[in-house]
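Coordinate-derived values only; no laboratory data. As the structure is a prediction and not an experimental result, all values here were calculated from the model. Every residue, glycine as well, gets a Cβ built from its backbone with ideal geometry; the counts of neighbours run over all protein chains shown.
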Amino acid sequence: MRLTVVGCAGSFPTAASPGSCYLVEHEGSRIVLDLGNGALGALQEYVDVTEPDALAGLVLSHCHVDHCVDAASLYVARHYHPDRSFDPLALAGPTESRDRLAQVYGSADPAFLDRVFAFEALADGPRRIGPFTIEAARAEHPVEAYSIRVSADGRSITYSGDTGPSASLVRLAQGTDLALFEASFVGTGHAPGLHMSGTDAGRAAADANAGLLLLTHLVAWNDPEQVRAEAAAVFDGPIELARPGLTVTM
């Protein structure tokens, strides 16, 4: 299984990175975790989205724009393609995903999206997409949001999505090979139920006995090396900082 960081900017895209987007590949099959603002263009460095079978599915952790809004652009790419023989693409996400994407178009009726996406609710339990098993746990965030574990052939990636410190994340991530954890904050004293700091991400990775900790959702005004140092103070495993184009193979 291979992970490629497409976008990892926290809360808004930067000149260096789109919003959150991660490509996961195994045995010739591909899924995307989140598709934030600016990510669809960058994704095409790795995947020809004009091909009907380019992706097996899309998984959205939640419906804030920096994690989901380019799904609307993917709709355009698939719906208006001259070859309209595309089967609907599996889209697993919050129960509100269908309505929220329709709102991007100013539509009160989301039925038009069903020609392109086959919506599934992450709240409904584990599912298979291609060779991948997808599991989810409710995250600590102001909207309906999920942390996501992707497994294939005995290897796993656990993506925190946006979340404050969470016991459910630690349970979901137990023994994971790659902890792809957000670290939006530095220092202490932050509002609860919103985001994690480097310390929070490192502690969650340690409690989950994770392998590699990959820190992501890095916010423009924070020093990423400070984020790394905070995580390293509580997690003694390997730590990397996410950056567009970074690839991890397990």
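Charges were assigned to the Cβ only: +1 to each Lys and Arg, -1 to each Asp and Glu. The resulting dipole of the range 2-249 about its Cα centre is roughly 140 debye.
Spin-label model, Val104/Arg128: points 7 Å from Cα along the beta carbon direction are separated by 2.9 nm.
Relative to the longest principal axis of the Cα atoms of the chain, helix 198-207 runs at roughly 90 degrees. For the range 1-64 and the range 168-184, what is the separation of their Cα centres, given in Å? Comparing the Cα centres of the range 1-64 and the range 168-184, I get a distance of 19 Å. With the convex hull drawn over the C-alpha atoms of the range 117-208, the volume per residue is 93 Å³. Given R₀ = 22 Å, FRET efficiency for Ala167-Val234 by Cβ-Cβ distance, to 0.05? In this case the efficiency is close to 0.85.
Indicate, rounded to the nearest 5 percent, the antiparallel portion of the DSSP beta bridges found entirely in the chain. Write out the running numbers ahead of the final one.
Numbers: 28 of 52 bridges.
About 55 percent, rounded to the nearest 5.
Think of the range 2-249 as having a plus end and a minus end, set by charges on the Cβ of Lys, Arg, Asp and Glu; of Ile148, Thr50, Pro192, Ile148 sits farthest toward the positive end of this dipole. Under 17 Å from a point 7 Å along the Cα-to-Cβ line of Arg115: which residues of the range 65-79 have their amide N that close? Counting backbone N atoms under 17 Å from the label point, the list is 72-79.
Dividing the Cα radius of gyration of the range 2-249 by 2.2 N^0.38 Å, with N the residue count, gives 0.95.
Amide H contacts of Gly10: Leu218, Val219, Ala220, each under 5 Å away and 5 or more positions distant or on a separate chain (H built 1.01 Å from N in the peptide plane; Pro and chain starts excluded). Within the range 36-88, the chymotrypsin sites (Phe, Trp or Tyr not before Pro) that combine a DSSP coil assignment with at most 16 other C-beta atoms in a 10 angstrom radius are Tyr46, Tyr80.
Using DSSP to define loop residues, name the trypsin sites (Lys or Arg not before Pro) in the range 38-130 whose beta-carbon has at most 11 other beta-carbon atoms within 10 Å.
On the way: sites: Arg78, Arg84, Arg98, Arg100, Arg115, Arg127, Arg128; in loops: Arg84.
Listed in order of number, the matching sites are Arg84.
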